[in-house]
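The block underneath contains the structure these notes are about, expressed in structure tokens.
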Amino acid sequence: MKYTIATVPGDGIGPDVVKVAVAALEAVAKRFSFELSFVEAPMGGAAIDEFGEPLPASSLEACRGSDAVLLGAVGGPKWDNLAGSERPEAGLLAIRAGLGVYANLRPALMFPQLAGACPLKPSLVEGGLDILVVRELTGGIYFGDRGRSADGLSAWDTERYSKQEIERLLEVGFEAAAKRKNRLCVVDKANVLESSRLWRETAKAMGPRWPGIELSFMYVDNAAMQLVKNPRQFDVIATSNMFGDILSDEASMVTGSIGMLASASVGGTRPDGREGPGLYEPIHGSAPDIAGQDKANPLATVLSVALLLRHSLKLEQAARAVEAAVSAVLDAGFRCADIASGMIGEKLVGTVAMGEAVVKAIAEAGK
Ligand code: NAD
């Protein structure tokens, strides 16, 4: 098989971490005998400098025509004074909308080797942590009717969901749970919000189609508490745009480092009805403070490659090989500065050396 990957390096540390992730992809392609071709799509500040806009039409076309999109990060002080719609970050919203990716998957995965970086008590996270937050990305209060009264003294934002929007998101949640530990927790505020009651009704109606999945419900305030009280109770959490925005940040931060966290945005369709390309990116930004210094941890982007292999290319074995390689380099003691704890046996490395270690681990595990 041959796959086309659109790479969007972006700004700051984006190009450095994408370069490492591409090398990891090439290594895994070699090991599992599939072919890759890459097309680079400028976006963010880099595209503003070259083309005068954050997401040129040619970049979106290249992404739409690919099998999957691998994104670094965009933004930086150079473009901070531009108006909102002209800023690099506007490219992010445009690419998500342009690809129609309505489901954001954010694994909060804590490698046991990095347990020291977790802010929770060790007893709560013994053996690691593995939660997947499935967040609705293109609807709800962030896109609903909003406004201000004529006197400016009151304002409103509207949470509105259609059954169809809820169903398609929950479908992703059920499917993800079926590939994991078969538990799906729908988080809402159904004791207060009518839109949440529609989420709950819809999930209950879908439940019988997934007899192997244990479906549960939790109010969002309780979920925020349970994530720090007993995070291991969760497998997959499915929720609305705003609740997911907040809970996915909370869930990922309990794992310790921003340099380790990947994300996938999926669900788009092509004009002929086939599944569209997913968008894969680390959750961190362009980190201008460490850009160009060989200090960025590339593992979040490497783990985004694992998601890309799993969700867009449907190459589960290859995805696991990438995750195993990350685990192996951590076992071997390799640490970028953001995940170093100063313990004996750790080898402090930069972006490039971490990338080389990952590539070597992928290749060696295949021998
Ligand atoms: P950031 O995530 O870029 O950086 C926050 C802190 O984490 C910094 O100290 C940085 O050095 C560190 N950090 C981030 N990624 C790291 C990595 N891989 N390895 C080691 N350390 C890492 O967030 P910020 O400083 O708020 O934003 C910087 C720029 O990035 C802004 O222009 C912002 O708009 C943009 N941004 C882009 C995205 C995106 O492209 N998806 C997301 C968030 C922020």
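Couple of notes before you dig in:
- Taking a span of 15 Å or more along the helix axis (Cα atoms) and a mean Kyte-Doolittle hydropathy of at least 1.0 as the rule, the DSSP H helices of the chain that qualify are 351-365.
- Furthest towards positive pole of dipole, ALA190, LEU129, MET253, structure part segment 119-254, Cβ charges: LEU129
- Residue (of LEU299, ILE237, ALA90) at the positive-pole extreme of the chain, dipole from beta-carbon charges: ILE237
- Note on segment 119-254: semi-axes of the ellipsoid equivalent to its C-alpha gyration tensor, largest first and rounded to whole Å, are 28, 20, 11.
- Length gained when the stretch GLU275-TRP156 is fully extended (0.36 nm per residue, less Cα-Cα span): 39.3 nm
- Counting only lysines at least 8 places from LYS179 when in the same chain, those with an alpha carbon closer than 18 Å to its own are LYS314.
- Charge dipole magnitude, Cβ of K and R +1, D and E -1 - the chain, Cα centre, debye nearest 20: 1100 debye
- Each peptide in 208-215, 261-268 receives the mean, over its residues, of other Cβ atoms within 10 Å, and ordering these scores from highest gives 261-268, 208-215.
- Segment 1-64 versus segment 311-329: alpha-carbon centroid distance in Å: 19 Å
- Quarter of Cα convex hull surface for the chain, i.e. mean projection, nm²: 20.0 nm²
- Per-residue ellipticity at 222 nm, computed for the chain from helices alone with -39500 (n - 2.57) per DSSP H run of at least four residues, works out to -12000 deg cm²/dmol.
- Taking the average, over residues, of other Cβ atoms within 10 Å as the packing measure, peptides 184-195, 3-14 rank 3-14, 184-195 from highest down.
- In this structure, the amide hydrogen of THR7, modeled 1.01 Å from its nitrogen in the peptide plane, lies closer than 5 angstrom to those of VAL39, GLU40, ALA41, LEU70, counting only residues at least 5 positions away or on a different chain.
- A cut-off of 5 Å between modelled amide H atoms, ignoring neighbours fewer than 5 places along the same chain, links LEU129 with MET110.
- For the pair LYS163 and GLN233 in one chain, pulling the backbone fully straight at 0.36 nm per residue adds 22.4 nm over the alpha carbon distance.
- Heavy-atom accessible surface of the chain: percent carbon and sulfur, 1.4 Å: 55 percent
- With a Förster radius of 22 Å applied to the C-beta separation of LYS2 and PHE51, the computed FRET efficiency comes to 0.15.
- Around ALA6: net Lys/Arg minus Asp/Glu count, Cβ-Cβ under 11 Å: -2
- Flagged links, alpha-carbon separation over 27 Å, of LYS2/LYS163; LYS181/LYS360; LYS19/LYS78; LYS181/LYS229: LYS2/LYS163; LYS181/LYS360
- Residues of the chain: accessible area per residue with a 1.4 Å probe, Å²: 44 Å²
- Were the residues from GLU26 through LYS204 laid out at 0.36 nm apart, the gain over their Cα-Cα distance would be 59.8 nm.
- The ALA97 and PHE34 beta-carbon pair, evaluated with R₀ = 41 Å, returns a calculated FRET efficiency of approximately 0.85.
- Residue by residue, segment 103-112 carries 3J(HN,Hα) couplings of 10, 9, 9, 10, x, 9, 10, 10, 6, x Hz when phi is fed to the Karplus relation 6.51 cos²θ - 1.76 cosθ + 1.60 (θ = phi - 60°); x denotes Gly or Pro.
The values are calculated or read from the model by the stated rules, or taken from the named source; none is laboratory data. Model, not experiment: these values are computed from the prediction. Backbone-built Cβ (ideal geometry, glycine too); neighbour counts: all protein chains shown. Quick note on the areas: whole protein, heavy atoms, side chains included, nothing else; ligands and nucleic acids left out. Shrake-Rupley method; radii C 1.70, N 1.55, O 1.52, S 1.80 Å.
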